[in-house]
1. Taking the conditions exactly as written (loosely packed, with under 10 Cβ neighbours inside 10 Å and either more than 21 Å from ARG31 (Cα to Cα) or modelled with pLDDT of 95 or more (or both)), does VAL74 satisfy them or not?
2. Within region 1-18, can you find the residues that are open to solvent by 30 Å² or more (accessible area, probe 1.4 Å), not in a strand (DSSP E or B) and not β-branched (Val, Ile, Thr)?
3. Out of the residues in region 19-49 that are in contact with a Ser or Thr (Cβ under 8 Å, 6 or more places away or on another chain) and open to solvent by 20 Å² or more (accessible area, probe 1.4 Å), which is farthest from HIS86 (Cα to Cα)?
Amino acid sequence: IIGLQIEACMPYRVLNVTELMNERGEIVNGRVRIADELVEVDNAKVSSLSAAEVFARLGGLTDTLVALRFRDHVSGSEYGVNVRRHWPLSDFSNTSANLLLHSPDDSFHRPPEQSSGGTYP
């Protein structure tokens, strides 16, 4: 996971920030704010990508970095953050705090064997 819960379609607004990890493995949840808009993933503008492409770029191998760019929902200014993909720390306590991506259609990013909820771990 990368530690963000975002909308599953444009404008990809941040819904929640949990366990956002920087390059050094430090939790830096305050770097990204709820309601800010994701505008780039690894230097690719999300406006030119399908939702599937956006989430494929967000996903990746554990312990790799992904460069994200956001637009502040208040000032409109853009800022970047490099985050580490990692196993959710909450997995070790078996809680639901590791939810990542909001899916309004209840199936967009859920593996087929799951049948409930509207988010992606």
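1. yes
2. Scanning region 1-18 gives GLU7, CYS9, MET10, PRO11.
3. Checking each candidate, the answer is ASN29.
The values are calculated or read from the model by the stated rules, or taken from the named source; none is laboratory data. Fair warning: this is a prediction, and the values are worked out from it, not measured in the lab. Cβ coordinates were reconstructed from backbone atoms using ideal geometry, including for glycine residues, and neighbour counts include every protein chain displayed. Side chains included, ligands, DNA and RNA excluded: accessible areas come from the protein's heavy atoms. Shrake-Rupley method; radii C 1.70, N 1.55, O 1.52, S 1.80 Å.
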